[in-house]
Amino acid sequence: MSIPPVGVFTLIVGILCLISGYRATAIAFGVMTIFGGAAAVMIGGAGIQPGHLFVGFLALATLSYREKMKVALNALAFPQPAFWLLCLLTYGVLAGFFAPRLWAETMNIIPLGSSEYPETGGAVPLGPVSSNLTQAIYNTANIVTFVMIVAMGSTMAGFRAATGTVLAFSSANLLFGIADLVTYGTPIQELFSYIRNAPYAFHDEAIVAGVKRVVGSWPEASTFAGVSLGVVGFAGTMRICGRYSKLTGFLFLLTSIMVIRSTSSAGLFGLPVCLAILYMTCFFRCGGRSGTRISGGIVLFAPIILVLVGMMIVMNEDLFRQLYAYFDLLLFSKANSASGIERGMWNAYGWSNFINSYGLGVGLGTSRTSSFIIALLSNVGIPGVIFFGLFFMSAFYTRRGTPRTFDSDVRLAGRNGCLCLLIGASVSGSTVDTGLLFFVMAGLATAVPAEERETSFAPVPAHA
């Protein structure tokens, strides 16, 4: 085991945050979560990301309060959302240990991690892989994160701190995306090597249609675009609800632009769907005394603007041809590209693993796919799909709190952010792990802070 410089930095920040309290820890955790291409700890050929290492500091800071520890323990009880996550993890780990050994060499897989066979980038016979361990660690960290955010959000002060976690992540993700773009081709770009030290295949210098793909602090553009869709959903909803309007409006606008600029097909496909979710949020938000002016304006004028822009593009033949060629390269003909064929092969093997395992799956972290849905089926099978479905329904579709208050608006933003993350993951997600950001926002969507009368967090007036 070794600890690279980014790991030392993570440990130092974690210790300082423990001294400062859980609010500072929550903000730092949001920033640490963006380092998806870094390894804070190296264990053989596997790496633990800074965000997952920092989960330990988040837990220590949160559980130092007795009342929050009680909430955390209650969050794991049946039939709370975390209980179903625990069932999913337990089944996945057991399947990850037994399935590759019981069905060894009876089928081929696209291994997620390193196996006993030479790495060719193609299929190998089923057997244990290194990612059985790392995915178990990552998904354990996901559950701990979810439970800690629920516990932290049991008070209004903690709920605001957890909201700050997402805003810190969103700001840092945008900053690193811009930095990656403007420093390309300069010596400054070498500094990114400190946060791109994980044992992954990086595609940080890929160029499409003559422009560099934006990857930020992540291994590739599709990952950057995928997590940015979650920011679009969260920040866009917060702006619609009139919460932290200047900051969330800025984050929503620039992050949407960066998703387009990333040239990721997953981002270009997912962004219109996310905007449609936000439009429906505006539709249901625009009425009543607490409806905001911006939501009513979007409902009325967005369709008109969309039609006018479409007409302008169609009437300008040169512009239409340029846009069509661009989207044809990234979307319409994606399935015929080398990347599209490879990802299609991953999904084909993943579906075959699901069928050949009689619907039980080949184990958590065993098989690589190019869709979160196929990853669920191939890795944890029907039982895993049921557990995740029960978690999803209990976390996002159980009525909580008073509508259109601050905490209710943040819960709505958390739900929309998670939906947008799942949209991106359904197009390009390679594992069952949906990421720490998903579980932070899911925790916000589930948490109900104790009643505190604060005028600054009353329902937003209609003119906001």
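Label 7 Å along Cα→Cβ of Leu16; region 27-44 residues with amide nitrogen under 12 Å? Answer for this model: 28. Taking 19 Å as the straight-line reach from the Cα of Lys68, none of the lysines fall in range once those fewer than 8 positions away in the same chain are excluded. When +1 charges are put on Lys and Arg Cβ atoms and -1 charges on Asp and Glu Cβ atoms, the dipole computed for the chain relative to its Cα centre reaches about 1340 debye.
State the percentage of accessible surface on the chain attributable to carbon and sulfur atoms; use a 1.4 Å probe and exclude ligands, DNA and RNA.
69 percent
Applying 1/(1 + (r/R0)^6) with R0 = 35 Å to the Cβ-Cβ distance of Phe284 and Leu308, what FRET efficiency is obtained, to the nearest 0.05?
After rounding to 0.05, the efficiency reads 0.90.
Which whole-number percent of Cα pairs in region 33-177 have a distance greater than 21 Å? Intermediate results must be reported in sequence, preceding the final value.
On the way: 5871 of 10440 pairs.
Percentage above 21 Å: 56.
Using Cα positions and a limit of under 20 Å, work out the lysines in reach of Lys70, with same-chain residues fewer than 8 apart set aside. Straight-distance partners of Lys70: none at all. Accessible area per residue for the chain is 44 Å², calculated with a 1.4 Å probe on protein heavy atoms, without ligands, DNA or RNA. In summary, the lysines within cross-link reach of Lys334, defined as a Cα separation below 24 angstrom excluding same-chain residues under 8 places away, comprise Lys212. Can you compute the label reach from Glu342? Point 7 Å from Cα along the Cβ direction, backbone N cut-off under 11 Å, restricted to region 159-180. Answer for region 159-180: none. Above 17 Å, the calculated P(r) of region 314-406 contains 65 percent of its Cα-Cα pairs.
The order of the peptides 146-156, 249-259, 182-192 by mean Cβ neighbours within 10 Å, most packed first, is 146-156, 249-259, 182-192.
Highest mean first, the peptides 113-125, 84-96, 415-427 sorted by other C-beta atoms within 10 Å per residue fall in the order 415-427, 84-96, 113-125. Here the simple spin-label model places points 7 Å from the Cα toward Cβ, and for Ala157 and Arg66 these points are separated by 1.7 nm. In the set [x] 56, 24, 21; [y] 37, 31, 25; [z] 33, 29, 22, the label that goes with semi-axes √(5λ) of the Cα gyration tensor in Å computed for this structure is [z].
Taking label positions 7 Å along the Cα-Cβ direction at both Phe327 and Ile207, the computed distance is 2.6 nm, reported to one decimal.
The values are calculated or read from the model by the stated rules, or taken from the named source; none is laboratory data. Owing to the predicted nature of the structure, the values given are computational and were not obtained by experimental measurement. Cβ sites come from the backbone with ideal geometry, for glycine too, and all protein chains shown count toward neighbours. Just so you know, the surface numbers come from the protein's heavy atoms only, side chains and all, with ligands and any DNA or RNA stripped out. Shrake-Rupley method; radii C 1.70, N 1.55, O 1.52, S 1.80 Å.
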